[in-house]
Amino acid sequence: MKKLFYLFAVTMLFAACSKENDGIEIPDTPETNSTSYNGTLLADSFATAAVIDITPVANTSTVDIVLNDVKFAPNMPIVLDITLKGIPYTQTDSVFSFSANNVAPYINTGTEPVATYTFDKVQGRIVGKSLNLSAKMAENLAPYIAGMEFQFNGTEVTK
């Protein structure tokens, strides 16, 4: 009987410690689910197939948006992964909307934002399984990208 009581006490102590640390409640980590959208990205007059990932950031009302394998023109020799971090969003009923101004993106695996590719405006909405996104580069950038506009229309990639 003592062994059973000892096992019960140890189990209760372990269970209590798993949620507390010196009397401070440790919250459960909320899940963040990334959703991918496959569609067409229009960069000014150049259209290309693209995949965009939208990831809500835990404990904030922001999302990170990744434009995968982006080209600005047909002859562009490389593709870029452009990450827009911390874009505020709202959700009402079945519409998920996001918008931000003056967003310096992270390029490829860079750890710092790149101001030479700043977006003047980024906005979009998800309705059902459809994503519509628009973005405009700032006007004070290099002439080949200044004021460039992007449009993306895509549907959720089912896994």
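The values are calculated or read from the model by the stated rules, or taken from the named source; none is laboratory data. Nothing here was measured: the structure is a model prediction, and the numbers come from that model. Because the Cβ atoms are built from the backbone with ideal geometry, glycine has one as well, and the counts that use them run over all protein chains shown. Ligands, DNA and RNA are excluded from the accessible area calculation, which covers all protein heavy atoms including side chains. Shrake-Rupley method; radii C 1.70, N 1.55, O 1.52, S 1.80 Å.
Condition first: in contact (Cβ under 8 Å) with a residue 40 or more places away in the chain and either open to solvent by less than 60 Å² (accessible area, probe 1.4 Å) or of a type in the set (Gly, Ala, Ser) (or both). Now tell me which residues in region 136-150 satisfy that.
Ile145, Met148, Phe150
Return yes or no: is Thr55 in a strand (DSSP E or B) and over 20 Å from the mean Cα position of the chain (by Cα)?
Working: in a strand (DSSP E or B): yes; over 20 Å from the mean Cα position of the chain (by Cα): no.
Criteria not met by Thr55.
Among the residues of region 131-159, how many are within 23 Å of the chain's Cα centre (by Cα), part of a loop (DSSP other than H, G, I, E, B) and more than 11 Å from Asp44 (Cα to Cα)?
Qualifying residue count for the region: 4.
Sort out which residues of region 76-96 are under 21 Å from Pro113 (Cα atoms) and part of a loop (DSSP other than H, G, I, E, B), and write them in order of number. Write out each step before concluding.
So the first thing to find is which residues in region 76-96 are under 21 Å from Pro113 (Cα atoms), and the list is 78-89.
Those that are under 21 Å from Pro113 (Cα atoms) and part of a loop (DSSP other than H, G, I, E, B): Ile78, Val79.
Name every residue in region 85-109 that is open to solvent by 50 Å² or more (accessible area, probe 1.4 Å) and more than 15 Å from Arg125 (Cα to Cα), in order of residue number.
Applying the first criterion (open to solvent by 50 Å² or more (accessible area, probe 1.4 Å)) to region 85-109 yields 85, 88-94, 101-102, 108-109.
Of everything in region 85-109, those that are open to solvent by 50 Å² or more (accessible area, probe 1.4 Å) and more than 15 Å from Arg125 (Cα to Cα) turn out to be Lys85, Asn101, Asn102, Asn108, Thr109.
Filtering region 29-52 down to residues that are assigned to a loop (DSSP other than H, G, I, E, B) and surrounded by 12 or more Cβ atoms within 10 Å (Cβ to Cβ), which residue is modelled with the highest pLDDT?
Looking only at region 29-52, we keep the residues that are assigned to a loop (DSSP other than H, G, I, E, B), and these are 29-34, 44-45.
Add one more test, that the residue is surrounded by 12 or more Cβ atoms within 10 Å (Cβ to Cβ), and what stays is 32, 44.
Details: Thr32: 56, Asp44: 84.
Here the residue is Asp44.
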